[in-house]
Amino acid sequence: MPKIADIEDTPNPNAVKFVLKDRLTWGTARSFASAESAAADPLAAKLFAIPHVVNVYYMDKWITVTQDGEADWPKLVREIAMPIREVEAVEKPSSEAASDFGDDEPRLAAIRKLLDEQIRPALMSDGGDLQIVGLEGNVLTIRYFGACGSCPSSLAGTLSAIGNLARTIEPDIEVEVV
């Protein structure tokens with residue numbers, strides 16, 4: 001049973017990050033935007049059963065839960081903590097599956113490297129993350145997860161920073177969020 005080491009506010013006023021003492025995954029992110037999408041995941045399903053929970057994102061030793069803006073955080077945090085404390089920590093897999101981006105075109109590989117080094121660590125420390133969906137022509141498409149998914153900072157400042165970084169690789173790149 002994971003113990004909660006800390007509960008942190010995020011830049012998104014509707015999201016809170018629970019930092020755990022034990023791992024839930026080993027490098028695999030799990031993102032759920034609805035109770036239906038979370039039905040097969042025991043932890044996420046229990047969290048979505050709590051009124052006002054609208055998004056669950058977790059990876060390694062942290063979980064970000066987003067509410068609809070209608071709940072009182074102190075009360076909601078106590079309700080959310082219960083299923084987190086009940087979930088079983090996971091065993092380290094015998095062989096970790098690594099993501100293989102070897103087929104990336106050189107521009108995309110360079111952009112991915114920049115984002116992995118300069119943007120994603122900050123997003124993850126704030127309870128969120130991003131995924132590169134693709135690069136078609138000069139349009140880089142990304143998807144936000146966790147606290148970043150509905151955060152005004154992600155949709156303005158972070159998006160601008162991503163665009164500026166991508167343009168160091170390719171001056172005409174535009175960034176879109178899906």
### Summary
Given 54-63, 41-50, 164-173, the highest-first ranking by average Cβ count within 10 Å works out to 54-63, 41-50, 164-173
### Task
Measure off 7 Å from each Cα along the Cα-to-Cβ vector at ARG78 and ALA109, then give the distance between these two points in nanometres to one decimal.
5.4 nm
### Summary
With Rh as the Kirkwood radius over Cα pairs, the stretch 106-177 has Rg/Rh of 0.93
### Query
At q = 0.15 Å⁻¹, what is the log10 ratio I(q)/I(0) for the chain, with the Debye formula run over Cα points and no solvent?
-0.88
### Task
Starting from the Cα-Cα distance between ILE4 and GLU36, subtract it from 0.36 nm times their residue separation and give me the gain in nm to one decimal.
8.9 nm
### Paramagnetic reach from ALA122 in the stretch 160-178 [backbone N under 18 Å; point 7 Å along Cα→Cβ]
160-169, 175-177
### Message
Using only the alpha-carbon atoms, how far is helix 106-118 inclined from the longest principal axis of the chain? Give it as 0 to 90 degrees, nearest 10.
### Response
40 degrees
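Dividing the Cα radius of gyration by the Kirkwood radius, what Rg/Rh value follows for the stretch 4-86? All intermediate terms of the calculation are to be shown ahead of the outcome.
Values: Rg = 11.5 Å, Rh = 12.6 Å.
Rg/Rh: 0.92.
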### Simple spin-label estimate for ALA156 and ARG85 in nanometres, 7 Å along Cα-Cβ
3.8 nm
### Message
Tell me the net charge near ALA35. Cut-off is 13 Å between Cβ atoms, ALA35 excluded, with +1 for each Lys or Arg and -1 for each Asp or Glu.
### Response
-2
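Just so you know, all these numbers are worked out from the coordinates, no wet-lab data involved. Not measured: the values here are computed from a predicted model. Quick reminder, even Gly has a Cβ in these numbers, built from the backbone with ideal geometry, and neighbours come from all protein chains shown.
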